Amino acid sequence: MKPESIPSSSSPEAGSLFETASNALLAPSGLDLPALQGVLGSIMSHQIDYADLYFQYSRSESWGLEEGQVKSGNFSIDQGVGVRAVSGEKTAFAYSDDIHLPALRQAADVTRAIAAVGSEQATQAVTRIEAPQLYIPQDPIASLSADAKVNLLERLESFARKADPRISQVMASIAGEYEVVMVARHDGMMAADVRPLVRLSIQVIAEQDGRREQGSAGGGGRFDYSYFTDAVLQDYARKAVHQALTNLDARPAPAGSMTVVLGSGWPGILLHEAIGHGLEGDFNRKGSSAFAGKIGQRVASPGVTVVDDGTISNRRGSLNVDDEGNPTQRNVLIEDGILQGYLQDSLNARLMGVAVTGNARRESYAHIPMPRMTNTYMLNGNMPPEEIIRSVKKGLYAVNFGGGQVDITSGKFVFSTAEAWMIEDGKLTYPVKGATLIGNGPDVLTRVSMIGNDMALDSGVGTCGKEGQSVPVGVGQPTLRIDGLTVGGTV
């Protein structure tokens, strides 16, 4: 597994992140460290287990091109602060888009209401959390002019149209975000981060003999728009066109229990949804996950190792520090089929008596953090992918996925395929459409019979939703053979 390739540049000293964050978030409002310590001290004068201040400044944009014309364009700036106090299992939270001391004090007064008055606590000495710099703290929005962004989308559209005359429509979009955050905690720890994020997407429609099918592709990560070279654009266009043309020839998918081979890369979204959410600490502390109470037990076939790693350079799901200021980590969740642990934020880690894992995430300053995935993937096995396909007498090869749903409590899931093929006598014979995969996450892990040696991460398009909050994530896996999975089809 290699980091994304981006233009080379030296990483900044950690101190410059604090300087950038202070200049963007504190200085305009006349705030300084003593003022923050005073606010936290007033919260901790009550019987509180944990308190933090989360400052955020974000600038984002998006452009959409359809039929050669810019059909949409958005630009927004947002900033604010979230104030949180935790006592036992109770959380009090208030937020404001006014980053001034009176607003901070008012928010602190609100959060203190969850606990009784306690003794005055001494102010903790400030300690800066320094983490490895996984991405360059640049502003992607400023990396190209408006004309250059439109031209980039026009080139992407041109590559798609030139790929095949059956392409009748092309929709392309680009989005960028520049985010600056600072976390100040009751224990004196402080952390700052500057987070770039870009994404490029293309959707095409192919027509033939009165039939219309679509295909899509895209990618991105924590870098600027210079990543999207003509070679990258051509690759996205080729993949989207290939998917659309493949679906033009697709036959109705069969239904029933059969062997399913999952492709490498983006099909790891099934792993993320059906298994990853069930390994988040809050669900397991409450006993609502199918994996609750099973640490140290076999939950998957031998050879299955699942990792959540927020430390991969430039990846969409990576963070220098999580949204509580803790450095992200590489957490082995399942090793050789044995459950090793869960993803934790401070609240659930404290209540479960375990260490934090650097997985506290929130959509913005207006949301409370919770344990969430970063980049979640399965490690390589030793089987060449072509041998896995050859081993299947009759089954389904799922190359790419569309949408899906999962029930965390039961682990049951339903996923629709965006590209799939029939396997007959060890060969891919014809594409099918309308196939859905139906199963149970914990059960599927025990049905993995072959693991490929071609592990790949997705191209950088994942967004995860949980309790109304959306955060960028990454997924990945090698080619997998799963025996006896239910396929819902059209015949």
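Quick test for you: out of 350, 372, pick the one residue that is at pLDDT 95 or above, surrounded by fewer than 21 Cβ atoms within 10 Å (Cβ to Cβ), basic (Lys, Arg) and within 20 Å of residue 52 (Cα to Cα).
Details: 372 fails: surrounded by fewer than 21 Cβ atoms within 10 Å (Cβ to Cβ).
Just a single option satisfies the conditions, and that option is 350.
So which residues in the stretch 68-119 are within 30 Å of residue 153 (Cα to Cα) and within 30 Å of the chain's Cα centre (by Cα), if there are any at all?
70, 71, 72, 73, 74, 75, 76, 77, 78, 79
Step by step: first the residues of the stretch 442-467, then only those that are surrounded by fewer than 20 Cβ atoms within 10 Å (Cβ to Cβ) and within 12 Å of the chain's Cα centre (by Cα), then the one that is farthest from residue 200 (Cα to Cα). Which residue is that?
Restricting to residues being surrounded by fewer than 20 Cβ atoms within 10 Å (Cβ to Cβ) and within 12 Å of the chain's Cα centre (by Cα), the top hit is 466.
Among the aliphatic types (A, V, I, L, M) and without any contact (Cβ under 8 Å) to a residue 60 or more places away in the chain: does that describe residue 438?
yes
Take residue 139 and decide whether it is at pLDDT 95 or above, in contact with a strand residue (DSSP E or B) (Cβ under 6 Å, 6 or more places away or on another chain) and open to solvent by 60 Å² or more (accessible area, probe 1.4 Å).
no
Determine if the stretch 242-250 includes at least one residue that is polar (S, T, N, Q), in contact with a Gly (Cβ under 6 Å, 6 or more places away or on another chain), crowded, with 21+ Cβ neighbours inside 10 Å and not in a strand (DSSP E or B).
Within the stretch 242-250 (the criterion being polar (S, T, N, Q), in contact with a Gly (Cβ under 6 Å, 6 or more places away or on another chain), crowded, with 21+ Cβ neighbours inside 10 Å and not in a strand (DSSP E or B)), the answer is yes, since at least one residue qualifies.
Which condition number in (1) in contact with a strand residue (DSSP E or B) (Cβ under 9 Å, 6 or more places away or on another chain); (2) free of Cβ contacts under 8 Å to residues at least 40 places away in the same chain; (3) under 24 Å from residue 132 (Cα atoms) is the one that residue 355 fails?
All conditions are met except number (1).
Say we look at the stretch 211-231 and pick out the residues that are assigned to a helix (DSSP H, G or I) and touching a residue at least 24 places away in the same chain (Cβ under 8 Å); which of these is surrounded by the fewest Cβ atoms within 10 Å (Cβ to Cβ)?
Of everything passing the filter in the stretch 211-231, 230 is surrounded by the fewest Cβ atoms within 10 Å (Cβ to Cβ).
Among the candidates 325, 317, single out the residue that is within 18 Å of residue 193 (Cβ to Cβ), touching a Ser or Thr at 6+ places or on another chain (Cβ under 6 Å) and either assigned to a loop (DSSP other than H, G, I, E, B) or without any contact (Cβ under 8 Å) to a residue 12 or more places away in the chain (or both).
After ruling out the rest, the residue left standing is 317.
When only residues in the stretch 334-363 that are part of a loop (DSSP other than H, G, I, E, B) and touching an Asp or Glu at 6+ places or on another chain (Cβ under 7 Å) count, which is farthest from residue 293 (Cα to Cα)? Talk me through it step by step, then tell me what you get.
In the first step, residues of the stretch 334-363 are kept if they are part of a loop (DSSP other than H, G, I, E, B); the result is 336-337, 340-342, 344-345, 353-359, 362-363.
Those still in the list that are touching an Asp or Glu at 6+ places or on another chain (Cβ under 7 Å) too: 342, 345, 356, 358-359, 362.
Numbers: 342: 11, 345: 18, 356: 18, 358: 21, 359: 20, 362: 26 Å.
Within the stretch 334-363, the match that is farthest from residue 293 (Cα to Cα) is 362.
For the stretch 289-314, give me each residue that is of a type in the set (A, V, I, L, M) and part of a strand (DSSP E or B).
306, 307
Would you confirm whether any residue within the stretch 87-95 is open to solvent by 60 Å² or more (accessible area, probe 1.4 Å) and either without any contact (Cβ under 8 Å) to a residue 60 or more places away in the chain or in a loop (DSSP other than H, G, I, E, B) (or both)?
yes
From the set of residues in the stretch 142-157 that are open to solvent by 40 Å² or more (accessible area, probe 1.4 Å) and either touching a Phe, Trp or Tyr at 6+ places or on another chain (Cβ under 6 Å) or hydroxyl-bearing (Ser, Thr, Tyr) (or both), which is farthest from residue 221 (Cα to Cα)? Outline the logic, then answer.
Initially, the stretch 142-157 is screened for residues open to solvent by 40 Å² or more (accessible area, probe 1.4 Å), giving 142-147, 151, 154-155.
Checking which are either touching a Phe, Trp or Tyr at 6+ places or on another chain (Cβ under 6 Å) or hydroxyl-bearing (Ser, Thr, Tyr) (or both) leaves us with 143-145.
Numbers: 143: 14, 144: 16, 145: 19 Å.
Only one residue fits best here, namely 145.
The values are calculated or read from the model by the stated rules, or taken from the named source; none is laboratory data. Source: prediction; values computed, not measured. When we count neighbours, we look across all protein chains shown, and the Cβ atoms used for this are built from the backbone with ideal geometry, even at glycine. Accessible surface areas use protein heavy atoms only, side chains included; no ligands, DNA or RNA. Shrake-Rupley method; radii C 1.70, N 1.55, O 1.52, S 1.80 Å.
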